[in-house]
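**Q** My questions all concern the structure below.
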Amino acid sequence: IAGTSMATPVTAGNAALVRQFIREGRFAGTGQPVPEMGYDPMGALIKAVMVNGADLMTGSYDTAAATLNGAGPDAAQGHGRTNLANTLLPGGNTADRSTVLDGKFGKDGVADPNAMPTITQTGGEAEYSFEVSSQASNFAATVVWFDPPAATGATQSLINDLDLSVTDPNGKIWYPNGLSAPDKVNTVEKVMIPAESLVPGQYILKVSGASVPQGPQPYALALSAPLKLTASGAPDGSITDESGKQTDISNAANSSSGGDGPSATTIGIIGGVAVFVAGAAYVITQRNKKGGSNNSRAMTPASGPGMGGPGMGGSGMGGSGMGGSGM
């Protein structure tokens, strides 16, 4: 049995597993729940996780179709076959592959607008900086946002246009969805850098508000790569939010543990950026962009059980809800 009749329910089941995994705080590398670590993910984060780990396929999906050559995304397979293990990492984060998730909705069913990564206006920009240590695995980064509805009969359905780009240590800019320029159509943008093209060093990921007429625009980010880790197991990197405030992830994480080292059982999400690494949790406090209370944002290097699934076919930039504008 194959085709969209099977891809759709398997994809829906995978989405439910991603949500459960994050809500139950299964980040300690054992796959067991740690409730104090859990949070309610944005729907966009669930989608970003699934797209980020998808495998592009080869072969032919029907007799009339062109042969798939492992490139994409395309109208035949979207972003590929779902494979949650590529992002949720059953064995936990290692120097060969680590995952960072940014996209907290709230906690226990209560929305927290300050927790969501957001671009508020045209020209706004958030920057993520990480050190890539090797060519051990691919670099994959996916940004997803839920766009406001366009007017009936509009020729351009995209309202708020966010742009994802990644700059490598040589200064090369990698654009999403296999393009050589910013994507001006889709609300799912994925940058994939093959392992053999990685250059160890600093990578700058930017989420830019190219046009945000109906802001603020929340978004979610999933990133997997062979990131450099500090001695405490935290990613070696920083976040600069739209207001220009920079947070050093590793230093803030270490200081939040009181100098006694990381502990998955004593530190959860406490009104800050929560960074989870196999068996460890770190809390980083960020100031609200508008100068108010602390901005609670969950930024999570994740680990946990992975699930595979059939390919995402269909027209446009991705079938079965794995890409394209809307969703």
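**Q** Can you order the peptides 195-203, 143-151 by their average number of other Cβ atoms within 10 Å per residue, highest first?
**A** Most protected by this proxy first, the peptides run 143-151, 195-203.
**Q** Roughly how big is the stretch 159-209's charge dipole about its Cα centre, with Cβ charges of +1 (Lys, Arg) and -1 (Asp, Glu), in debye to the nearest 20?
**A** With Lys and Arg at +1 and Asp and Glu at -1, about 40 debye.
**Q** Let me ask another. Tell me the net charge near Gly53. Cut-off is 14 Å between Cβ atoms, Gly53 excluded, with +1 for each Lys or Arg and -1 for each Asp or Glu.
**A** +3
**Q** Okay, moving on. At a probe size of 1.4 Å, how large is the accessible area of Arg26, to the nearest 10 Å²?
**A** 50
**Q** What area, in nm² and to one decimal, does the C-alpha convex hull of the stretch 70-198 cast on average over all directions?
**A** Projected over every direction and averaged, the Cα hull of the stretch 70-198 covers 10.8 nm².
**Q** With only alpha-carbon atoms counted, please give the Rg and Dmax of the stretch 169-242, in Å.
**A** Over the stretch 169-242's Cα set, Rg and Dmax evaluate to 14.4, 43 Å.
The values are calculated or read from the model by the stated rules, or taken from the named source; none is laboratory data. Computed from a predicted structure; not experimentally measured. Every residue, glycine as well, gets a Cβ built from its backbone with ideal geometry; the counts of neighbours run over all protein chains shown. For the accessible areas, the whole protein counts, side chains as well, though only heavy atoms, and no ligand, DNA or RNA atoms are used. Shrake-Rupley method; radii C 1.70, N 1.55, O 1.52, S 1.80 Å.
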